[in-house]
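Read through the structure below, which is laid out as structure tokens, and then see the notes.
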Amino acid sequence: MPQLKSKTPVIRSLHEVGRYAIGVQWNDGHDSILPLENLRRACPCDVCKGNVEGKLPDASQRLHQFSRLGERGVFIAWGDGHETLYVAGHLRQLCRCAYCVAEPERPITGG
């Protein structure tokens, strides 16, 4: 059964997936795995403006700390000292799973 993006995304849980991604479980039953490199490149701060290009140093893609801020936000402190605050709606838009990119016939896993 395809899962639809919630109009108002709510984070149920947040966890590290290996060394290279963050997993988000949403209240609507959807799960997202967000690679750290993608999160850093999409950083919405005033300096990055959601468009970090070029080669990223390893420290720029390494988590120093991350935490859920209630049901609608995530704070990330990067290994290079940069900090990012994501609201749930923006985080959900970054999901690139088959359902979210409108290719449900091509899921990565059998679910």
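The set of residues from region 36-46 being free of Cβ contacts under 8 Å to residues at least 40 places away in the same chain and surrounded by fewer than 16 Cβ atoms within 10 Å (Cβ to Cβ) comprises E37, D46.
Restricting region 1-20 to residues that are modelled with pLDDT of 90 or more, open to solvent by 70 Å² or more (accessible area, probe 1.4 Å) and of a type outside the set (K, R), which is farthest from A59 (Cα to Cα)? So that I can check it myself, show each step before the final result.
Looking only at region 1-20, we keep the residues that are modelled with pLDDT of 90 or more, and these are 9-20.
Filter once more, so that each one left must be open to solvent by 70 Å² or more (accessible area, probe 1.4 Å): 12, 15-16, 19-20.
Cutting the leftovers down to of a type outside the set (K, R) gives us 15-16, 20.
Values: H15: 20, E16: 17, Y20: 12 Å.
Selected residue: H15.
Against the conditions (1) over 12 Å from the mean Cα position of the chain (by Cα); (2) open to solvent by 50 Å² or more (accessible area, probe 1.4 Å); (3) of a type in the set (V, I, T), I33 satisfies every one except (1).
Would you confirm whether any residue within region 71-88 is under 20 Å from K7 (Cα atoms), assigned to a helix (DSSP H, G or I) and not acidic (D, E)? Yes, that holds for at least one residue.
The values are calculated or read from the model by the stated rules, or taken from the named source; none is laboratory data. Since we're looking at a predicted model, the values are computed, not measured. Positions of Cβ are generated from backbone atoms using ideal geometry, with glycine treated the same way; all protein chains shown enter the neighbour counts. Heavy atoms of the whole protein, side chains included, go into the accessibility calculation; ligands, DNA and RNA do not. Shrake-Rupley method; radii C 1.70, N 1.55, O 1.52, S 1.80 Å.
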